[in-house]
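Report on the following structure.
The values are calculated or read from the model by the stated rules, or taken from the named source; none is laboratory data. Here the structure is a predicted model, which means the values were calculated and not measured. Here the Cβ positions follow ideal geometry from the backbone for every residue, glycine too, while neighbour counts run over all protein chains shown. The accessibility values were calculated without ligands, DNA or RNA, using every heavy atom of the protein model including side chains. Shrake-Rupley method; radii C 1.70, N 1.55, O 1.52, S 1.80 Å.
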Amino acid sequence: MSSIFKTEVLPNINLKTLDATEQYTLITILELLDITDAKVYKEIKNRRLNNLNATFTNTLAQNIYYYPKLYSNTQQGTDFVLAWLPLVKQGFFPDKKSTELFIRFFKFNLNYFQSEQCEQTIIDSFFEIITLLVKSKSEASLIISRFLIDSLFDLTNVLNLNFLVQCCLDYNILNDSYTVIQNKEAIQTYPFKINDTFITHFFNGNWQEFINAFHNILPVGKVYQPDVYNVVSSWFTSDLADYYLNNPLACHKAHQAIKERWIFGEVKSTALLNIKTNQNNYPLINALSTKLWDSGDVILFNNREKAIPQNQLDSCYQHLIAWLQHRPNYNTEVFTDFAKPLLNEATASVLPLTSLAFWFNTCHPKSGIKNQTETYNAIFSKLLLDDNQNALPSMRYQNETFKLTGSFLITHVFQNTNNLDAFLKGFEASGIVNPLNQFLVRMFYDANQELFNCYTLEQQETLQLYLLNMAYSATKTTEAITTKNLPYIVKTLTVLCRDAGNYTRVNQIWALKDINPCVTDLCNAFAGKHYLNQDNPLTLNLIQAWFNYLLDYYYSFKQEAVWTKAMLTTQGVRTANFFNAVEDDVSYFLDKTIKRLVSIHQKSKKTAHNSVASNDVWEEIEVFLVDFLGALKHTKLSAKTVTQLVKYDTDTSNAFTSKNQLNTIISTFNDAFFNQNTATTNSLNTPSTSQVILQPKEINHKFISYVLSNLENYTRLKTYDTESLSFLVENITTLKTWLEDDKTHSDSRFTQALYSVILDAELASNPALSTFNTHCQTLFVELVKDTKMASSYAMGLKTMIKSGAFPDHVSKTVSQVIIQLNA
């Protein structure tokens, strides 16, 4: 390459125009070019120029570099420039005039450098020279830099543009620094970073000029190949971010350019999109919240930086939800590839509260589109249900992270305090398998006591029925859904069902324990709280229910009605005090109660060696009897009952284990009765009715007493008066009216007697007594159905069936009774 200097340059150098220092410097240049045999070199050498400082002046530079005629031929011009390399490496840079001439040649011959005629080694050497010049502390630096930057933003020749882009990247030309020389005393080096100085040097001090050029060039380039953005992105600064922050319109234009770059080049522009100020403000992301979104904006938001402060993203999430609300957007690639991942990667704590309304409106069971409902239910159930340890998540509200509460959702989001019934009907049929119902269940659970402030009594009843339906629907879903949601349902029902005496509802809630073991303890505790509530006054019906459930407790080996243990061990004295205060004759009721206790006590002791549960039951019964009989007035029992207690207590094969206590108490009752005169004793005994024959003509006290005596003593007397029962069935309305008006409370005695007949498996198995049994079942259903005790009796019969106490054919008959009671 040095030959061109030898033939074309040296002949034009006139030593007379160069001073001594310049001639001395020329010696070094010729040595670098290996032209030591030239006449000029020898002439200077012979002058013996010593102790001089080498100075590369503009005059000398032009003698070396400024030869316009050499550029008239592409090959010759290329060889000439390539010969510069050893000189440029040693810091001998062309002057301004020579550099500008070089640039004109280079620009004119860009097509050559892109052609197959130009070898890669030539390109490598050429751009090595350009790189050295850009980084040099010379006038050439700014001139070359301006040429390259102007070319990068020149849309008139895209082919040249793409070539220069690739070369800038390959040779790392515009990613370091450049130098500006005002004079010998003002030499300043600057980094390629976008700021006021950069704009001054390359864009006439006009920021808008740069921004427009930048936005125009962004979408330009070859698909899957580097473009201008790859060069310029290394120049980004907080100054550029500040400009965007103060110019929202420029942000929107940047959005459009980025979207077009994505569309045409399928490449992201994340560095620009996520540019930030020194105050950690992301202007282009913030600006997304100040416009109506299209699909491209969803793509931009998907490409945001993950570390952006949440308060700068809140409005963007609002816009995302608004975009999703336009249902046709669901069927787009943008939804599948960008919007859906945005939701899947989010957490509840970054989503706006309006997401809830979107979810419920879009996935409503009556108006939702199936495929959309399935997609959004999967997304939001994970975000709002599965990913939260608490019942309700935290979400974004008024630019803050807000812990949702049930009462807030009721009053501010769903606003259903005035239309709860209509609101719940829209969701009820879909059951607890629907994530929307799962969220509502959690909402009501979290509201807790606030439910009484939000809803009227009528609405509370509506809510209870909704929750019961949700509970029963859990039988048709997965174990995971059931175990997560059923406890919330039961706990909410236990809050709502707080009024004493509504045992129909109590039993409905208690029965939910049969759905899944996860709520067994909750339901049992709830039932015990109501049945044994010390703050509620006792009634005969309640006490009767206690001892009906005693059968369930015993026959289920203490798995059913588990609160019965607490009843037996804590309610004895309280029960006695109740009967002591009753003015009416309760001896019959107490006789039946004590018979039942003694009967189960006897059975329990006989099976004690086989069952620890049975052993516990008879011990618990003795605790009750000690407390109950110890506090009961002697006048409350009949002589018959006392006699039976004495007989059982003295039977060596049975007897009470708490001998000392019970024996003393029972002896006291015996002494109180049988140390009095005969007349008094006889008045306390129940008259025999075994020989009474009474034709049914009208319902009165005498007739009812006759029927009751037969029902209570049929096993001993073998009397099965079907005619009297048939008369009552035919006159059931009159019977109900009479029992309601009867002040002796024979209604509970009547239903209990009928209940005992139904429980008699031996009777039910006898075909000859089917009419008697059928009449008893009919009367029982008619008298009990729609009363507070209906569910208690139904549960008792159900327990007896489950215990295996009935043969199969009897179980079927008793099942029909249960169905009729619940109808």
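Binned at 5 Å from 0, what are the whole-percent values of the Cα-Cα distance distribution for region 345-461, short to long?
So the P(r) values, bin by bin, are 2, 11, 21, 26, 20, 14, 5, 1, 0.
In whole percent, what relative contact order does region 279-353 give with Cα contacts below 8 Å and a gap of six or more residues? Please report the intermediate quantities before stating the final value.
Details: 46 pairs, mean separation 27.8, N = 75.
Averaging sequence separation for qualifying contacts and normalising by length gives 37 percent for region 279-353.
Taking the Cα centre of region 23-158 as origin, sum charge times position over the Cβ atoms of Lys and Arg (+1) and Asp and Glu (-1), and report the length of that vector in debye to the nearest 20.
My answer is approximately 640 debye.
May I ask you to work out the translational diffusion coefficient for region 170-288 at 37 °C, viscosity 0.692 mPa s, via Stokes-Einstein with Rh from the Kirkwood sum over Cα pairs, reported in whole µm²/s?
Values: Rh = 15.2 Å.
Value of D from the Cα-based Kirkwood radius: 216 µm²/s.
Given H placed 1.01 Å from N in the peptide plane, which residues other than close sequence neighbours of residue 397 have an amide H under 5 Å from its amide H?
Excluding prolines and chain starts, which carry no amide H, the hits are 402.
Which of the residue pairs 491/785; 39/135; 603/798; 403/491; 96/184 have a Cα-Cα distance greater than 25 Å in the structure shown? Present the calculation step by step, with values, prior to reporting the outcome.
Details: 491/785 28 Å; 39/135 34 Å; 603/798 21 Å; 403/491 21 Å; 96/184 14 Å.
The pairs that break the limit, which is 25 Å between Cα atoms, are 491/785; 39/135.
Mind checking the per residue accessible area of region 453-513 for me, 1.4 Å probe, whole number of Å²? Spell out each step's value before the answer.
On the way: 2530 Å² over 61 residues.
Using a 1.4 Å probe on heavy atoms only, each residue of region 453-513 averages 41 Å².
Given Cβ point charges of +1 (Lys, Arg) and -1 (Asp, Glu) and nothing else, what value in debye, to the nearest 20, does the dipole of the chain about its Cα centre take?
Numbers: 69 positive and 77 negative charges, 104 e Å.
The dipole magnitude comes to about 500 debye.
Where does the chain land at 222 nm, in deg cm²/dmol rounded to the nearest 500, when only DSSP H runs of n ≥ 4 count, each adding -39500 (n - 2.57), divided by all residues?
-18000 deg cm²/dmol
Between beta-carbons, use under 14 Å as the cut-off and find the net charge around residue 459, counting Lys and Arg +1, Asp and Glu -1. If you can, show how the numbers build up before the last one.
Values: positive: 425; negative: 421, 450, 458, 461.
So the environment of residue 459 carries a net charge of -3.
Below 8 Å, C-alpha to C-alpha, sequence gap of six or more: please give me the relative contact order for region 537-674 in percent. Walk me through the numbers before you get to the answer.
Numbers: 130 pairs, mean separation 36.3, N = 138.
RCO, region 537-674: 26 percent.
Under 8 Å for C-alpha pairs, at least 6 residues apart: give me the relative contact order for the chain, rounded to a whole percent. Mind showing how you got there, number by number?
On the way: 931 pairs, mean separation 41.3, N = 823.
Normalised by residue count, the contact order of the chain is 5 percent.
Grab the other residues whose beta carbon is less than 13 angstrom from that of residue 393, score K and R as +1, D and E as -1, and report the net.
Working: positive: 382, 396, 403, 442; negative: 386, 387, 446.
Value of the local net charge: +1.
Under a cut-off of 26 Å between alpha-carbon atoms, report the lysines in cross-link reach of residue 45, not counting same-chain residues fewer than 8 places apart.
List returned: 6, 16, 89.
Please compute the per residue accessible area over region 701-822 with all protein chains in place, 1.4 Å probe, rounded to a whole number of Å². Mind showing how you got there, number by number?
Numbers: 5720 Å² over 122 residues.
Averaged over the residues of region 701-822, the accessible area is 47 Å².
Using a 1.4 Å probe on the protein heavy atoms, what percent of the accessible area of region 1-183 belongs to carbon and sulfur? Intermediate results must be reported in sequence, preceding the final value.
On the way: 3990 of 8800 Å².
Taking all protein chains in place, region 1-183 shows 45 percent carbon and sulfur surface.
Out of 49, 67, 153, whose Cα points farthest toward the positive end of the dipole of region 1-183 (charges: +1 Lys, Arg; -1 Asp, Glu; placed on Cβ)?
Value: 49.
Return the percentage of antiparallel bridges among DSSP beta bridges fully within the chain, rounded to the nearest 5 %. It would help to have the intermediate numbers written out before the result.
Working: 10 of 11 bridges.
The answer is about 90 percent antiparallel.
For region 537-617, which whole percent of the accessible surface, found with a 1.4 angstrom probe, sits on carbon and sulfur atoms? Intermediate results must be reported in sequence, preceding the final value.
On the way: 1780 of 3220 Å².
Within region 537-617, the accessible surface is 55 percent carbon and sulfur.
If you bin the C-alpha pair distances of the chain every 20 Å from 0, what whole percents do you get?
Using 20 Å bins, I get a P(r) of 12, 26, 18, 14, 12, 10, 7, 2, 0 for the chain.
Once phi is turned into θ = phi - 60°, what whole-Hz ³J(HN,Hα) does the Karplus curve with 6.51, -1.76 and 1.60 give for every residue of region 270-281, x standing for Gly and Pro?
Taking θ as phi minus 60°, the curve returns 5, 4, 6, 4, 9, 4, 9, 7, 5, 8, 6, 9 Hz for region 270-281.
Expressed as a whole percentage, what fraction of the accessible surface of region 701-822 belongs to carbon and sulfur atoms when a 1.4 Å probe is rolled over the protein heavy atoms? Each step should come with its number before you reach the end.
Details: 2860 of 5720 Å².
Carbon and sulfur atoms account for 50 percent of the accessible area of region 701-822.
Per residue, how much accessible surface does region 1-183 expose to a 1.4 Å probe? Answer in Å², no decimals.
Values: 8800 Å² over 183 residues.
In whole numbers, region 1-183 has 48 Å² accessible per residue.
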